[in-house]
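To keep things clear, I will list the structure first and then write my remarks on it.
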Amino acid sequence: MIVDEIFDLFARFGARHYGEELSLERHMLQSAALARALGAPDVVVVAALLHDIGYFLHLDSANSIQEGRNIGHEALGAAWLSQAFGPDVTAPVALHVEAKRYLCAVEPGYFDKLSEASRLSLATQGGIMTADEAAAFARNPALDAALLLRRCDDRGKDVSIETPPLEDYRLMLIAALR
Ligand code: FE
């Protein structure tokens, strides 16, 4: 069952880092906790929890991050999750990098608040959106969920914060299955 596979992926690869000071598992748990604190729907909390799972699926992700190569972890993760979750979960995951490119274009000061790793990866992810790209992105039906996830992603990088463990999300994950 996919929920067991998700737990297994976290156990095997959650300790990985991706250029930030905290592990991917802690980052993803913080993102989910922030989404929950903001009153996000459960499917968006689940999306926040799983948004970087693409890094667990790519054998070479640790090296690629170090070398500044873009593995498209958002598309990889969304495609894998789509075997069991609907677009309410997979779309915000798929769009969380585009959401960064979008917010850089439309929100003054957003770029400056990004972590160094996030600013560095932006270039390999297509850079700041053009006005036309941003206008098109603003019409995406998953815009709000993608932006909410992105803001939790950006804030979920605090080494001083401890969060509830992954186990706390088991029932929410099962309920979010298609
Ligand atoms: Fe992230």
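The values are calculated or read from the model by the stated rules, or taken from the named source; none is laboratory data. Everything numeric here is computed off the predicted structure, so don't read it as measured data. Reconstructed Cβ throughout: ideal geometry from the backbone, glycine too, with neighbour counts over all protein chains shown. We work out accessible area using only protein heavy atoms, side chains counted, and drop any ligands, DNA or RNA first. Shrake-Rupley method; radii C 1.70, N 1.55, O 1.52, S 1.80 Å.
Please tell me the relative contact order of the chain in percent, rounded to the nearest whole number, where contacts are Cα pairs under 8 Å and at least six residues apart. Spell out each step's value before the answer.
Details: 230 pairs, mean separation 55.7, N = 178.
Worked out over the chain, it gives 31 percent.
So what is the accessible area of the chain per residue, in Å², with the probe set to 1.4 Å?
Details: 8380 Å² over 178 residues.
I get 47 Å² per residue for the chain.
Once label points are set 7 Å from the Cα along Cα→Cβ at both residue 57 and residue 70, what is their separation, rounded to one decimal in nm?
According to this spin-label approximation, the distance is 1.8 nm.
Determine the gain in length on full extension of the stretch residue 83-residue 136; use 0.36 nm per residue of separation and subtract their C-alpha separation, reporting nm with one decimal. Present the calculation step by step, with values, prior to reporting the outcome.
Values: separation 53, 0.36 × 53 = 19.08 nm, distance 2.72 nm.
Here the segment from residue 83 to residue 136 would lengthen by 16.4 nm.
Quick check: at a probe of 1.4 Å, how many percent of the accessible area of the chain sits on carbon and sulfur atoms?
On the way: 4560 of 8380 Å².
Ligands and nucleic acids excluded, carbon and sulfur reach 54 percent.
Arrange the peptides 112-121, 149-158, 92-101, 68-77 so that the one whose residues have, on average, the most other Cβ atoms within 10 Å appears first. All intermediate terms of the calculation are to be shown ahead of the outcome.
On the way: 112-121: 14.2, 149-158: 21.1, 92-101: 25.6, 68-77: 17.8.
Order by mean packing, descending: 92-101, 149-158, 68-77, 112-121.
Return the FRET efficiency for the residue pair residue 115, residue 144: r is the Cβ-Cβ distance, R0 is 22 Å, and the value is rounded to the nearest 0.05. Working shown, then result.
Details: r = 23 Å, r/R0 = 1.05.
Result of the calculation: an efficiency of 0.45.
Any chance you could check the Cα centroid distance between the range 87-165 and the range 1-76 for me, in angstrom?
14 Å
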